[in-house]
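Below: one structure, written as structure tokens.
Values in this text are rule-based calculations from the coordinates and carry no lab data. Not measured: the values here are computed from a predicted model. Neighbour counts run over all protein chains shown; Cβ positions are idealised from the backbone, glycine included.
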Amino acid sequence: MRLAVFDSALRLGADRDVMRAMLHGRRHGVGHARRALHHADSGAENPGESWVRAQLIEAGLPIPRLQHEFYDEDGRFVARTDFDWAGLLVAEFDGDVKYGKHLRPGETPFQAMKREKTREDALRRMDVMVIRWTWKDLENRVVAGQAREWLIRFHLLAA
């Protein structure tokens, strides 16, 4: 989970050049750490999002934009998504805290789930496909296969 560490460090304001300098030389594992730093992105908001990207990177798949915002034809905000490929395909990582820790004041987990469903429906009305991943998907290593399938369907990756 080197990528998650570097993502978090950048999100907290660490300097990429300073971290790169720390990885100078030849030590066990430094090559893997350099590769992780190369792909690190402060837009990853949690370890699950970092792990998703790590699986996509390992599979050689196109790297998505992180935290992309979508607006409707009238310029109204519709959604901010975890992962986005060309405004056609988005993916969301549903961690364990999504329907607990990050509830709005007075909101129940069921209301939060309904809010997410409404948001997802709004994206679909804009012809955006939404796929979702959980910790179990990461553990079972199905993320890259599912992403590849949808990227091919949307002609964002050659078959």
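Listing for the model above:
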{"quantity": "Folded to 0 to 90 degrees: helix 143-153 orientation relative to the chain principal axis, Cα", "calculated": "60 degrees"}
{"quantity": "For the stretch 1-74: rounded, prolate or oblate by the Cα gyration tensor [a/c cutoff 1.5]", "calculated": "prolate"}
{"quantity": "Label point distance in nm, E58-L156, each placed 7 Å from Cα along Cα→Cβ", "calculated": "2.1 nm"}
{"quantity": "Positive-end extreme of charge dipole, the stretch 65-153 - chosen from V78, A147, P105 (charges on Cβ)", "calculated": "P105"}
{"quantity": "Ratio of Rg to Rh over the stretch 65-153 (Cα coordinates, Kirkwood Rh, two decimals)", "calculated": "0.98"}
{"quantity": "Over the chain, relative contact order from alpha-carbon pairs under 8 Å, at least 6 apart, %", "calculated": "20 percent"}
{"quantity": "DSSP beta bridge pairing in the chain, given as percent antiparallel to the nearest 5", "calculated": "65 percent"}
{"quantity": "In the stretch 5-37, trypsin sites (Lys or Arg not before Pro) in a DSSP loop with at most 15 other beta-carbon atoms within 10 Å", "calculated": "R26, R27"}
{"quantity": "Trypsin sites (Lys or Arg not before Pro) within the stretch 43-141, DSSP loop, no more than 14 other Cβ atoms inside 10 Å", "calculated": "R76, K101, R141"}
{"quantity": "Chymotrypsin sites (Phe, Trp or Tyr not before Pro) restricted to the stretch 78-159 and DSSP loop, no more than 14 other C-beta within 10 Å", "calculated": "F154"}
{"quantity": "Nearest-ten-degree value, helix 30-39 long axis tilted from longest Cα axis of the chain", "calculated": "30 degrees"}
{"quantity": "Options [x] 1.13; [y] 1.33; [z] 1.02 - which one matches Cα Rg over 2.2 N^0.38 Å as calculated here", "calculated": "[x]"}
